[in-house]
Amino acid sequence: MAIGSLNKFTVPLASDASSSTQGMLMPKLKYRFRVMFENFGVSTPTTELTKQVQSAARPNLQFANQTIEVYNSKINYAGKHTWQTIAISLRDDVSGNVQKLVGEQLQKQFDFLEQSSAANAIDYKFTLRIEMLDGGNGADRPTVLETWECYGCYLTAVNYQNLAYGEQTPAMIDLTIQPDNCIQTPENTGVGTNVGRSVARSLATGAGT
């Protein structure tokens, strides 16, 4: 196959003359990522969690649909938004580093020995950062392609999973995390490039929906 033909591996678009020679864009790959936790638990550093992540979900957002009933129809508009919970699976290491940090975070949220809760939510909330990478490693430092910064997080559920003589897979700890807000940012900045980007607020000239 002639190399020149590879740039035709795309979908032709009549309105875009460049599409016939552009070729396909390289996709982000699911396995090139890292997850970092800030203010999680008590012990430092929390990088042991980063090294033991097996899988992580990116944030999901949902707007509550609101309906106005009119004569023969319905009109819909967006209500308040909700950031859905984020699922992260960790391998439970033999040194107990992962389990210790998870236990500390749970104790910050609620002291199970003394049956005492935290006075303020800010005392136990943490920041979660999910980064998609380009595959670099070692001397070739990876480039961050996408960052999700999730603020005001706390654990809504922790599942220590089962043990079984018939399985040879690692013991896992599954975390369910609820964020207050999530922003997409480039590396080392606080400015959103997609979700969180500064966009002029739309002001309608009339009062219609």
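Rundown of residues vs (1) within 21 Å of residue 90 (Cβ to Cβ); (2) in contact with a Leu (Cβ under 8 Å, 6 or more places away or on another chain), yes/no style:
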{"position": "121", "(1), (2)": "no, no"}
{"position": "127", "(1), (2)": "yes, no"}
{"position": "135", "(1), (2)": "no, yes"}
{"position": "146", "(1), (2)": "no, no"}
{"position": "161", "(1), (2)": "yes, no"}
{"position": "166", "(1), (2)": "no, no"}
{"position": "171", "(1), (2)": "yes, yes"}
List pairs: first in segment 22-38 and of a type in the set (S, T, N, Q), second surrounded by 13 or more Cβ atoms within 10 Å (Cβ to Cβ), Cβ under 8 Å, 6+ apart or cross-chain? 22/10
Can you find even one residue in segment 139-151 that is out of contact with any strand residue (DSSP E or B) (no Cβ under 6 Å at 6 or more places or on another chain), at pLDDT 95 or above and either buried (at least 16 other Cβ atoms within 10 Å of the Cβ) or over 30 Å from residue 81 (Cα atoms) (or both)? no
Every residue in segment 118-135 that is acidic (Asp, Glu) and either closer than 14 Å to residue 105 by Cβ or touching an Asp or Glu at 6+ places or on another chain (Cβ under 8 Å) (or both), please. 123, 131
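Tell me which residues, restricted to segment 159-182, are polar (S, T, N, Q) and part of a strand (DSSP E or B). First the steps, then the outcome.
Going through segment 159-182, the residues polar (S, T, N, Q) turn out to be 159, 161-162, 168-169, 176, 178, 181.
If the condition is that a residue be polar (S, T, N, Q) and part of a strand (DSSP E or B), then 159, 176, 178, 181 are the ones that fit.
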In this structure, does residue 164 turn out to be at pLDDT 95 or above, within 19 Å of residue 51 (Cβ to Cβ) and hydrophobic (A, V, I, L, M, F, W, C)? no
Here the residues within segment 39-86 that are β-branched (Val, Ile, Thr) and either surrounded by 15 or more Cβ atoms within 10 Å (Cβ to Cβ) or free of Cβ contacts under 8 Å to residues at least 40 places away in the same chain (or both) are 44, 46, 47, 50, 53, 67, 70, 82, 85, 86
Considering only segment 36-51, I want to know if a residue exists there that is closer than 19 Å to residue 135 by Cα and part of a loop (DSSP other than H, G, I, E, B). no
Going through segment 124-138 one residue at a time, which ones are farther than 18 Å from residue 58 by Cα, out of contact with any Gly (no Cβ under 8 Å at 6 or more places or on another chain) and surrounded by 17 or more Cβ atoms within 10 Å (Cβ to Cβ)? 124
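Restricting attention to segment 114-129, which residues are aliphatic (A, V, I, L, M) and either under 27 Å from residue 184 (Cα atoms) or at pLDDT 95 or above (or both)? Let's see the steps before the verdict.
To start, the set of residues in segment 114-129 that are aliphatic (A, V, I, L, M) comprises 118-119, 121-122, 128.
Once the filter is applied, which keeps residues that are aliphatic (A, V, I, L, M) and either under 27 Å from residue 184 (Cα atoms) or at pLDDT 95 or above (or both), segment 114-129 yields 121, 122, 128.
The values are calculated or read from the model by the stated rules, or taken from the named source; none is laboratory data. This one's a predicted model, so the numbers in the text were calculated from it and none came from an experiment. When we count neighbours, we look across all protein chains shown, and the Cβ atoms used for this are built from the backbone with ideal geometry, even at glycine.
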